[in-house]
1. Counting pairwise Cα distances across the stretch 492-550, what percent come out greater than 15 angstrom?
2. Hey, any idea what Rg/Rh is for the stretch 521-578, computing Rh the Kirkwood way over Cα pairs?
3. Rounded to the nearest 5, what % of DSSP beta bridges with both residues in the stretch 483-758 are antiparallel?
4. Quote the FRET efficiency, to the nearest 0.05, computed for Gln370 versus Leu462 with a Förster distance R0 of 56 Å and r equal to the Cβ-Cβ distance.
5. With Rg and the Kirkwood Rh both taken from Cα atoms, where does Rg over Rh land for the stretch 483-758?
6. How do the peptides 721-731, 643-653 rank, highest first, by the average count of neighbouring beta carbon atoms within 10 Å per residue?
7. When ranked by the protection proxy of mean other Cβ atoms within 10 Å per residue, highest first, what sequence do the peptides 623-635, 488-500 form?
Amino acid sequence: MLGFLALYMPRTSVKSQRYLAAGLLMAMLVRTLGMRRVLLGLRPFVYKLLTAAKAAYDTQLRPLLDSAQTIQALQTTVAAKDTTIDDLAANVANLHEAARVQRVATTEISADLKVQVHNLKIRLHRTTERAAQSTEALQAAVASKDAAIAARDAAITELRTQVADLHEAARVQRVAATTISADLKVELHNTKIQLHRTEERAQRDMTELRSAFSTLQQEHRALDSRATSTAAASKIQLAHAHHENVAVKGLAAAAIAALADCRRKHEMEMEAAASAAKFTQIQLFQSKRVLAAVAQEAISAQNALRDVTAERDAMAASTNRLASELQAAKSHATALEAASMVALERERQARLDTTRAMDEQRAVHQERLQAARTQHEALQNAMQAMTNRHTASLVEAFAQLDDADVLRARAHSARVSQLVVRDVQQSEHRAQIRTLQDALAAANASRQADAEAHAEFAAMMLQRDRRISDLEAKRGEYLSTMAATKVAVAAVQLVSRATLPPNIAAVRRIVGEAAAAGASIVVLPEYWGILGRHETDKVGLREALTTSPIAAKQPMQHCMRELALQHQIWLIGGTIPLECPSDATKVLNTTLVYNPSGDVVGRYDKVHLFGFTPDGNQAAFDEARTIVAGSTTQVPVVDLPCGRVGLSVCYDLRFPEFYRAMAPLALAVVPAAFTHVTGEAHWEILLRARAIENQCYVLASAQGGTHENGRRTWGQSMLIDPWGKIVSELREGEGFVLGDVDLDVITRTRRQLPALDHRRM
């Protein structure tokens, strides 16, 4: 037992070594002298030795064994904590990286949101400006409408005065007609009586002449009888009888001549009486026509007055409705602005709340950090106290340990201190991670709130844009109702030369004459600038489209702009050659529309290119050689004072679907240069067909004459009404046709024959 104890007793001190040596000596003595004798002799000594060994074990060896087990457990715990700390450090690094990425993303999102909010504010400002401009335009339109209503009231008053004058004139005419009719009746009665008396005198004269003629015939027969009975008488008696017979025949001839004169006089008197009666009837008929015309004018004036009154009432109702809509639009705009301000204020408040919450969270985190620091200091103090106590408790054991044990104990103490420090750092990292998680949650909530506010603001802006579009559409309808009932239009007819200057001079002269005649809309013909000797001549004169033309570079555009400005007219400039972006060797055959301010408000590039083969062989005329066709997706319509106007050029006239795509129209314009062959056969028929089909006016401006290149164009510029009737026409040569586009005629035609509403295709 002593040997076993000696083997496993730790070598901790000199005293222990002595006990160990004594034990070994005793073991040797027991083995040498015999167990029993030695034990019996050494029993007191052995008991004392065992007691001392047990006391040494209880006081020194057991605490050391417990400390060794504790150290081993602490080493295991430290290793596990090292692994856990490494994992936590990796997690903390990942969280730091994620937090950095999230901060970058949050910063980018915040920047994007700021940019979006700035853009939305800019859009809101622009929309507000557009709404203000629309409001001002509507107010100006309402003021113009009021002025128009006042002018129409004045016109109605003047019309009423004219109607009263017409009524008075009609009354005077009726009185005069009654007087004339009575006088004519008396005169007719007297004429009839005189005619009857003349007929009676003529009958009496005829009776007398017939009696005289019968007497003369009887005398002649008596003389013949006497001459026959006295044939044997002497020749002297026969000659005398013959002379008497001749005298009697002369008397008969004189009687017959007198009777013929009487008949002629009677016929002349009858003709005079018939002429007087016919004149009287004509005067009566003319008086009746005058009365009917006066009555019709009075009825027309009453109808016009009633229509004007109804139109004034409708315009007043429309004005009131538009005023209410304008007020509603203002209210809606104010509400939208208020809602926008509320949304912005709500967003600002949400950001302030988010900032305040983040500040509060930051304060809480600061408090938690301060508490963690305090707790850390307390833990450090407690750890320091525990370390001091542990150090104090181990000092005594260290006093009996050797150098290696001291080093192991110190390393263990340092490891424990490191574990405590890592625990504190881990607690701090956990607190920072929780802080970052809270900040990320707050950022996500703020981002969600910003997204909701952005969506709400976008919806409000979309609703406002739709409302503004509706108001602009209604404004267009309102302006269309303000169009004049009658608008004077003119079509210029030219015989264009092969060079530009004389054509510009002719256009300036004729457009000036048309404007002086009262035309508000003037249309030029196709190729008004040049009809060259060769088809390629127009390519050399092509111009680039510009809003500020210069006479030296864009002479045709400069001329049209100056004419529109000078005469304050709407000018539809026929066609001019413009540059083609896709082919430098060809041009676009383009119609430009200028308003009275000289601005281009409409454009149409000719779509259908003319090709004509008179003899069936090679094409004698082919526009595709020098012209590029325009886009087929365009619908070439413009709004002019007479309403919706469709633009077309020459060969387009043969394609009715082209005009039907632009319907409904108030006016279709056709600048053209029809050849004499095709024009003579089809020009008027096609124009009238387009007017009848679309129930609108058609204004055709043509080239009409023999040109310097030998080509002969048909001419026949004309204005046709919706019923297909030619209002005005110019056969050939330079000049213009003038007429009115009457919206009432269009309305009446479409009301009487609503063909456009009956379409099924």
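1. 57 percent
2. Reported Rg/Rh, Kirkwood definition of Rh: 0.98.
3. Antiparallel bridges: around 65 percent, rounded to the nearest 5.
4. So, using R0 = 56 Å, E works out to roughly 0.65.
5. Over the Cα atoms of the stretch 483-758, Rg/Rh equals 0.94.
6. 643-653, 721-731
7. 488-500, 623-635
Read-outs: derived from the displayed coordinates by stated rules, not from any lab. Being a predicted model, the structure only gives us computed values, none of them experimental. Cβ: placed from backbone, ideal geometry, glycine included. Neighbour counts: every protein chain shown.
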